[in-house]
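Notes follow the structure.
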Amino acid sequence: EAQVTQNPRYLITVTGKKLTVTCSQNMNHEYMSWYRQDPGLGLRQIYYSMNVEVTDKGDVPEGYKVSRKEKRNFPLILESPSPNQTSLYFCASSDGLQVETQYFGPGTRLLVL
Amino acid sequence: DAKTTQPPSMDCAEGRAANLPCNHSTISGNEYVYWYRQIHSQGPQYIIHGLKNNETNEMASLIITEDRKSSTLILPHATLRDTAVYYCIVRVSGGHNTDKLIFGTGTRLQVFP
């Protein structure tokens with residue numbers, strides 16, 4: 001089954017404790033992206049990647065890092081999480097430049113205390 | 001960047017057609033209109049997209065006005081499972097020759113029995 005998976009689905013952590021949210025897709029997609037969703041603000045893009053070793057900032061990249069060492073994986077790294085990064089995070093992938101048909105993961109709900 | 005305007009909420013009776021409007025008066029000639037939906041904190045799901053002609057697929061129909069300043073997503077026979085937030089999106093150009101989607105706050109469609 002074609003899908004995007006994220007882990008963990010739920011995470012409670014404390015300020016400053018480094019964490020990684022994994023994202024993996026099994027569709028051999030080139031394009032992958034991370035979004036965060038906050039009430040009243042909709043979905044905002046954090047980072048995206050066109051292909052292996054190619055990443056670029058989205059609209060709200062501050063406080064986040066990403067890497068794309070393999071085509072299927074696109075982890076999101078919070079080196080020093082802060083409470084304002086409490087949010088619902090989605091990973092997405094699409095085939096090449098066909099970003100209109102993005103496949104989204106189930107989401108990761110993060111609470112930073 | 002082209003922006004979209006949608007009503008914050010709408011109701012629809014089960015079995016009736018749901019018509020969701022979207023204004024995109026600043027859309028450029030080569031920018032597509034996309035529709036996604038998000039069912040209660042799940043990952044957004046692609047529905048349909050179009051440039052200037054009306055489009056139909058197994059999920060919905062998209063009607064774009066001749067001047068392309070607005071469009072309407074039509075769910076011909078709404079069911080309770082169509083209750084979701086619907087996003088009208090105009091693709092904008094990003095870095096590395098990549099287009100990206102900018103999600104607004106969408107229209108919350110409530111289908112009632």
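The values are calculated or read from the model by the stated rules, or taken from the named source; none is laboratory data. In this text the structure is predicted, and so the values were computed from the model without any measurement. Here Cβ is always computed from backbone atoms with ideal geometry, including for glycine, and neighbour counts include all displayed protein chains. Ligands, DNA and RNA are stripped out before the accessible areas are found, and what is left, the full protein with its side chains, is counted by its heavy atoms. Shrake-Rupley method; radii C 1.70, N 1.55, O 1.52, S 1.80 Å.
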field: Separation between Cα centres of the range A:32-82 and the range B:54-79, rounded to whole Å
entry: 31 Å
message: Test of understanding: express the Cα radius of gyration of chain B as a ratio to 2.2 N^0.38 Å, with N the residue count.
response: 1.03
message: Given an 8 Å cut-off on Cα distances and at least 6 residues of separation, report the relative contact order of chain B as a percent.
response: 35 percent
message: Give the A-B buried accessible area in Å², both sides summed, 1.4 Å probe, nearest 100.
response: 1800 Å²
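Report in % the part of the accessible area of the range A:22-113 that belongs to carbon and sulfur, leaving out ligands and nucleic acids; probe 1.4 Å.
Working: 1910 of 3740 Å².
C and S atoms contribute 51 percent here.
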Cβ crowding within 10 Å averaged over residues, with A:104-112, A:76-84 ranked highest first: A:104-112, A:76-84
query: Per residue, how much accessible area does the protein assembly as shown show when a 1.4 Å probe rolls over the protein heavy atoms, in square angstrom?
result: 49 Å²
message: Pairs on different chains or at least eight residues apart, Cα atoms closer than 19 Å: how many lysine pairs in chain A fit?
response: 5
field: Local electrostatic count at residue A:6 - Lys and Arg +1, Asp and Glu -1, tallied over other residues with Cβ under 14 Å
entry: +4
